[in-house]
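The next block holds one structure in the form of structure tokens; read it before the comments.
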Amino acid sequence: MLNKLKFYNVAEAKAELSKLLSEAKHQDVIITKNGVPEASVLNYERYVKIMDFLEQVKDIYTLDVGEGIPEDPVEKMLEDDQEV
């Protein structure tokens, strides 16, 4: 899967945003800052499928563990990624 990724540094991403978005329709794009992956761009339909999958996993987990889950593990993961 990593071999299907396209990498752009921040300057390239800014300069070639339209091209980047076109490529993201067919493959995932990683934007790097100082050589380190910083963000990803993926096709919106793929994003929706991933989120639906995570919701299904959460539902299965909830059924398996029961109602006494102190916090939603998927929400926690997404919130952790949002902190700056």
Taking the Cβ-Cβ separation of E38 and E75 as r and a Förster radius of 22 Å, what is the calculated FRET efficiency to the nearest 0.05? 0.45
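For the range 2-42, just say rounded, prolate or oblate: build the C-alpha gyration tensor, square-root its eigenvalues into a ≥ b ≥ c, call rounded for a/c under 1.5, and beyond that prolate if a/b exceeds b/c, oblate if not.
Oblate, since a/c reaches 1.5 and b/c is not below a/b.
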Report the local net charge at V48: Lys and Arg +1, Asp and Glu -1, summed over other residues whose C-beta lies under 15 Å from its C-beta. -1
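Every read-out reported here was derived from the displayed coordinates using simple, explicitly stated rules and does not represent laboratory data. Note that this is a predicted model, so its numbers are computed, not measured. Ideal geometry is used to build each Cβ from the backbone, glycine not excepted, and the neighbour counts take in all protein chains shown.
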